[in-house]
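Here is the structure we will look at, set down as structure tokens.
Since every read-out is calculated from the coordinates, none of them should be taken as a lab result. Since we're looking at a predicted model, the values are computed, not measured. Quick reminder, even Gly has a Cβ in these numbers, built from the backbone with ideal geometry, and neighbours come from all protein chains shown.
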Amino acid sequence: MASKGLRILVPVKRVIDYAIKPRINKAQTGVETAGVKHSLNPFDELSIEEAVRLRERKGPLKVDSILALSAGGPKCADTLRTAMAMGADKAFHVEVPEGSGDGGPEPLTIAKLLHSVVEKEDINLVLLGKQAIDGDQGQTGQMLAGLLGWPQTTQASKVEIKDEAGTVEITHEVDGGVETLRTKLPLVITTDLRLNEPRYASLPNIMKAKKKPLEKKTLADFGVEDTRRLKTLKVTEPPPRTGGGKVEDVDGLVSKLKELGAL
Amino acid sequence: MSRIQWQRFLWSHRATISSRQSPCRTPIARVPTVRAAFSTSARRELMEMTGFSDEQLTVREAISNICSKFPNTYWQERDQQEKDPKEFHAALAKDGWLGIALPESLGGAGLGISEATMMMQTITQSGAGMAGAQAIHANVYATQPLAKFGTQEQLETTIPNIINGTWRTCFGVTEPNTGLDTLRLKTLATKTADGYSVSGQKIWITCAQVASKMILLARTTPLEEVQKATEGLSLFCIDIDRSHRGLDLRKIKKMGGRAVDANEVFFDHYDIPTASLIGQENQGFKIILHGMNAERCLLAGEALGLGYAALEKASQYAKERVVFGRPIGQNQGVAHPLADAYMKLEAAKLATYHAARLYDTNDGSVPFHSIGVACNSAKYLAAEAAFTACERAVLAHGGMGYAMEYDVERYLRECLVPRIAPVSREMILNYVSEKVLELPRSY
């Protein structure tokens, strides 16, 4: 390892804003993305925030660098600027042409890409959102850990670096309780909602982010191809809910329930 | 689900039943509405967003995020209780937004009035209204002349503290008998051994109750003794310290923006140090003139935000409110006034951001009066468009438009501010008549 500090990779995705009601496109191949507000995937926001907080805690391991990465169309640059305004030091924009509603590269492609980035950039900690809120696939982190042969802890709600040797304790929520795990760097962590509350980028930091390096890359730079193993056949909206009725009194309720065969 | 949504939800169900039974005839009752299930926000903004710069869009998004922490209920409550929105000021200060248009060397962001206007518009449009804008307005704009003409000491002590929110500032120009006629202002700063002694009265001083600084315009040479009417006024950056002798503040009860205080300020031999003078003595009017066009742009932006906010509420309501078996927005009598208000807002928006751009990019090649005309026209058009939108929004809501809960009555009360201040509609018409049409001056 070149230096002892943390060299963190934070992959981020540009997705339709969480507050927007998605609509299916006309061809029924995916969600309509044209002219819809996009923002940084909320789970990735948590990863960036955690990386920045690790730096602010100043120890026991110092943060040497925080690299943000996004793969997608030209607008991903905005997302990366947001990541840098929050505190990432530099960013890679891996340009992948946007297809119409095809959802972008598959998780395995991204995991292979990240694998190569980790090796080239000498990364020792990868912080990923546990899932992107568009595809909800939740696979990339796990696949990456597999490819790297690194330990992984998923859906972290607390991350603590314990010593200079790189011992890390991670807490995550499981059925019926909270589980605490201990492992060592290098490591893949995926983030869950309760990990932290992401900050808003301050105006001075937004201005500074404009001057931080944003490098354009291609999948080929990392020896990866955008292979598709899955084909989306059809995407449809859930059936509309039918409204309920209102009954006048208890007798009405009973007779209604009888009528429906519930009594 | 919020309380209001929940009520609407219940009533929308009630509607399905009451249509088969006796219809509800109470004029101002909870209204039956049709509501799209689970939609949380509009897919796109009402305002056309093309044509804005990347910086403006960045500002808009970042400010919207902060404002989203201050819902309409926060502003309703502040308005009712006449309580200063100090959390809102602190939130913006914390992230450096008060320094948006101040130079980077002083800890600001070095952006222009185009971006500051977008910030003010985003604030009013978020539901904060004029109250939200006025809580920070002077800190953004009255600091401009200070940053440009202040001494090193003033810059190093005052500006960083205003940007980080420790100090708030107010702007003291208007006087009871000297509204638009700034050159005749009477507050006198007389030279003493170690500074000046200020006597006189100011009025409509926003935020004076919570401010610790005031950018004050006062006369240092009596009007009778000056060569040119534009001379003899000086600009000061003074402490607002009520424990100090000779200063009194009185709150003015007002129509709108009640969260933010507006005051009469009385000076009676109030001592200020020589170091509080900004720029040269007797040159205050020229210094202040510099910031006036910028202020017009900010006010225009604030008006626009209010107008779009009202229109958004109105169109939403017109879509949901069902009378005689269909949404009221299906009636042209309801729809057309709103469509007309939209076009007026869009036109005013173009005029506003054109004026701001002109102000920012002026390298001396644009005559001063062209910028003045652009900025004044923008303020006029935006204020009128906002008034139209707010009034029609209330009317489209019918009885509910009169209820605090629906916000549009608050917008209507507040949208009178940009119509009146910082310069009346009539004075703008006078200015355009004289400067553009070259008609003889009427006053």
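Each residue in B:Val373, B:Val366, A:Val117 was given a count of other beta-carbon atoms within 10 angstrom of its own, and listing them fewest first yields B:Val366, B:Val373, A:Val117.
Principal semi-axes of the equivalent ellipsoid, √(5λ) from the alpha carbon gyration tensor of the protein assembly as shown, are 49, 37, 24 Å from largest down. With both residues required to sit in the protein assembly as shown, DSSP beta bridges show an antiparallel share near 60%.
Exposure proxy ranking for A:Glu106, B:Glu438, based on other Cβ atoms within 10 angstrom of each Cβ and starting from the fewest, stands as B:Glu438, A:Glu106. Phi-derived couplings, Karplus 6.51 cos²θ - 1.76 cosθ + 1.60 at θ = phi - 60°, listed residue by residue for the range B:257-274: x, 6, 5, 9, 6, 10, 9, 8, 10, 10, 10, 9, 6, 8, 7, 10, x, 4 Hz, with x used for Gly and Pro.
The residues packed around B:Leu111, meaning those with a beta-carbon under 12 Å from its beta-carbon, carry a net charge of -4 if Lys and Arg are +1 and Asp and Glu are -1.
Students often get this wrong, so check it: of B:Lys228/B:Lys379; A:Lys75/B:Lys86; B:Lys213/B:Lys254, which have C-alpha atoms separated by over 31 Å? Violating the 31 Å limit, Cα to Cα: A:Lys75/B:Lys86.
Scalar couplings 3J(HN,Hα) for the range B:372-380, obtained by applying the Karplus form with A = 6.51, B = -1.76, C = 1.60 to θ = phi - 60°, are x, 5, 4, 5, 5, 4, 4, 4, 4 Hz; x denotes Gly and Pro.
Counting only residues 5 or more places away or on other chains, whose amide H sits under 5 Å from the amide H of A:Gly104 once H atoms are built in the peptide plane? Residues meeting the amide H criterion: A:Gly99. Within the shell of other residues whose beta carbon sits under 12 angstrom from the beta carbon of B:Arg425, the net charge comes to 0, with Lys and Arg scored +1 and Asp and Glu -1. With a 10 Å cut-off around each Cβ of A:195-206, the average count of Cβ atoms from other chains is 5. Helix A:42-57 and the long axis of chain A differ in direction by around 40°, with both axes built from C-alpha atoms. Near the amide H of B:Ala109, within less than 5 Å, lie the amide hydrogens of B:Ile100, B:Ala101, B:Leu102, all on another chain or at least 5 residues away, with H placed in the peptide plane.
For B:Ile203, the amide hydrogen comes within under 5 Å of the amide hydrogens of B:Thr174, B:Glu175, B:Val265, counting only partners 5 or more places away or on other chains and with H modelled in the peptide plane.
Calculated [222 nm] ellipticity per residue, helices only, for the protein assembly as shown: -12500 deg cm²/dmol; basis is -39500 (n - 2.57) per DSSP H run with n ≥ 4, divided by all residues, nearest 500.
Helix A:107-120 axis versus longest C-alpha principal axis of chain A: approximately 20°, rounded to the nearest ten.
Between the Cα long axis of helix A:250-259 and the first principal axis of chain A there is an angle of about 90°, rounded to the nearest 10. Per-residue 3J(HN,Hα) values for the range A:195-204, derived from phi via the Karplus relation 6.51 cos²θ - 1.76 cosθ + 1.60 with θ = phi - 60°, read 4, 6, 10, x, 7, 8, 5, 7, 4, x Hz in sequence order (x marks Gly and Pro). Residue ranges A:38-51, B:172-185 sort as A:38-51, B:172-185 when ordered by packing (mean number of other C-beta atoms within 10 Å per residue, highest first). Using only side-chain charges placed at the Cβ, +1 for Lys and Arg and -1 for Asp and Glu, the dipole size of chain A relative to its Cα centre rounds to 680 debye.
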